[in-house]
Amino acid sequence: MPEEGLVWPGMLLVATDSHTTTHGAFGVFSTGIGATDMAAVLLTGEIWFRVPEIIKINIRGKIGKGIMAKDIILYIISQLGTDVALYKAIEFDGEAVKELSLDERLVLCNMSVEMGAKATYIRPDEKVMEYISHTNPKKYKKFKSVKRINNINSDEYEFVYDFDISELEPQVALPHRVDKVVSVSQAVGKPIHQALIGTCTGGRIDDIKIAAQILNGKRVYPSVRLLIIPASHKILQKCIELGYMQTLLDAGATLATPSCGPCLGAHEGVLSGGEACISTPSRNFHGRMGSAEAKIFLSSPATVSASALKGVITDPREYL
């Protein structure tokens with residue numbers, strides 16, 4: 001929806017997907033609802049919500065080499081747990097958030113639902129407005145003429161958490177929980193059979209770009225399947241134009257249809273019993289990518305790419 005110019009600051013957006021919180025990166029109140037609720041929304045144009053309490057998460061410090069939004073959000077989930085934000089909204093702020101690209105901010109907001117978040121929010125800035133100027137010029141002109149107010153009084157937050165990521169290592173979520181997270185140095189050497197870069201938390205241009213940087217001129221480990229699943233057709237087209245896809249294909253990657261499939265095992269390349277996969281999607285529960293006896297490790301596209309080269313979980317920083 002962002003690519004089609006259907007998302008802009010100030011919207012209230014619902015969709016039948018728990019990761020609808022993604023759109024908070026645009027200053028949108030967005031949340032997932034069930035099919036029955038959606039039928040009522042389509043019929044009436046209305047839905048009932050309780051106004052959620054707000055948790056503020058400040059992310060401070062300089063983003064280190066090899067660190068991506070996936071590493072940051074996995075670390076935060078590991079520290080706060082999977083139920084800290086049940087029916088609560090999360091606002092992300094801090095200099096590290098401002099430094100992130102829009103692609104990376106979408107990952108932060110997307111995976112906040114793994115903490116139970118009803119919605120997430122990042123205050124719209126010039127990066128958002130620049131994006132909207134291309135996807136929806138009419139809305140951009142309207143926003144340029146309106147004074148935007150982004151302030152929330154500090155006493156309106158239920159909790160405020162501060163994270164300094166200056167010393168953060170790349171992170172890996174171990175099977176079969178999103179909050180069972182360790183630094184990559186504690187997971188190095190675990191063997192893998194498949195590496196997957198794609199979906200809504202790992203299939204955007206920034207993600208495929210860093211994979212191409214790491215794999216450029218190299219070959220995937222002989223016993224590893226590397227799957228690339230762009231998040232959309234437009235992203236696939238752009239990555240072809242930029243040469244990223246050719247680099248990845250030359251490295252031995254397999255390109256699959258742009259889609260959302262790995263999170264529910266509906267993709268090309270489901271796992272067999274006993275196999276292990278390091279993956280960029282948002283969940284690693286039993287059976288999410290095929291056999292319930294398979295193991296799924298979650299990490300950033302950088303860590304997945306480095307691991308695909310060695311056949312074991314690998315710290316990406318040695319390739320950057």
Mind ranking 248-254, 90-96 by how tightly packed they are, going by the mean number of other C-beta atoms within 10 angstrom, highest first? 90-96, 248-254
Out of residues 5 or more away from Lys180 or on other chains, whose amide H comes under 5 Å of its own, with H placed 1.01 Å from N in the peptide plane? Leu174
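Rank by packing, highest mean first: peptides 199-206, 80-87, with packing defined as the count of other Cβ atoms within 10 Å averaged across residues. Show your work: numbers first, answer last.
On the way: 199-206: 24.0, 80-87: 15.6.
Result, highest mean first: 199-206, 80-87.
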Residue-wise, which Karplus ³J(HN,Hα) couplings in Hz belong to segment 194-211, taking 6.51 cos²θ - 1.76 cosθ + 1.60, θ = phi - 60°, and x for glycine or proline? 9, 10, 10, 10, x, 6, 6, 10, x, x, 8, 4, 4, 5, 6, 4, 5, 5
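How long are the three semi-axes of the equivalent ellipsoid of the chain, in whole Å, if each is the root of 5 times an eigenvalue of the C-alpha gyration tensor, listed from largest down? All intermediate terms of the calculation are to be shown ahead of the outcome.
Numbers: eigenvalues 195, 90, 81 Å².
In descending order the semi-axes read 31, 21, 20 Å.
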Return the long-range amide H neighbours of Phe297 (sequence gap of 5 or more, or a different chain), with a cut-off of under 5 Å between placed amide H atoms. Cys277, Ile278, Ser279
Of Val51, Thr135, Val160, which is farthest along the charge dipole of the chain in the positive direction, counting Lys and Arg as +1 and Asp and Glu as -1 at C-beta? Thr135
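Let me know the whole percent of all Cα-Cα pairs from segment 75-215 that are separated by more than 21 Å. Display every interim value, and only then the final one.
Values: 5460 of 9870 pairs.
Distances greater than 21 Å cover 55 percent of the Cα pairs.
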The chain: relative contact order in percent, alpha carbon pairs under 8 Å with at least 6 residues between: 18
State the answer as a single residue: which of Tyr87, Ala256, Pro124 lies farthest towards the positive end of the charge dipole of the chain, with beta carbon charges of +1 for Lys and Arg and -1 for Asp and Glu, about the Cα centre. Ala256
Would you pull out the residues with amide H under 5 Å of Thr120's amide H, same chain only if 5 or more places away, H placed 1.01 Å from N? Gly24, Ser30, Ile90
Report for the chain the percent antiparallel among DSSP-assigned beta bridges with both residues inside it, nearest 5. 10
Can you tell me the equivalent ellipsoid semi-axes for segment 12-164? Use √(5λ) from the Cα gyration tensor, largest first, whole Å. 24, 21, 15
HN-Hα couplings for segment 36-45 via Karplus (6.51, -1.76, 1.60; θ = phi - 60°), in whole Hz with x for Gly/Pro, come out as 5, 4, 5, 4, 5, 5, 5, 7, 10, x
Please report, in debye to the nearest 20, how large the charge dipole of segment 155-300 is about its Cα centre when each Lys and Arg carries +1 at its beta carbon and each Asp and Glu carries -1 there. 820
HN-Hα J in Hz across segment 246-259 - Karplus 6.51, -1.76, 1.60, θ = phi - 60°, x for Gly and Pro: 5, 4, 5, 5, 4, 7, x, 6, 10, 8, 10, 4, x, 5
Dipole magnitude of the chain, debye to nearest 20 (Cβ charges: Lys/Arg +1, Asp/Glu -1, about Cα centre): 600
Below 22 Å, Cα to Cα, which lysines can Lys56 reach? Residues fewer than 8 away in the same chain don't count. Lys70, Lys88, Lys98, Lys118, Lys127
Given the convex hull over the Cα atoms of segment 171-319, what projected area results after averaging over all orientations, in nm²? 7.3
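Contact order normalised by length for segment 171-319, with contacts defined as Cα pairs under 8 Å and 6 or more residues apart; what percent is it? Write out the running numbers ahead of the final one.
Details: 364 pairs, mean separation 50.7, N = 149.
Once normalised by length, the contact order is 34 percent.
Quick note: the coordinates plus some simple rules give every number you see, no bench work behind them. Predicted, not measured: the structure shown is a model, and the values here were computed from it. Using ideal geometry, Cβ is built from the backbone for each residue, glycine included, and neighbour counts are taken over all protein chains shown.
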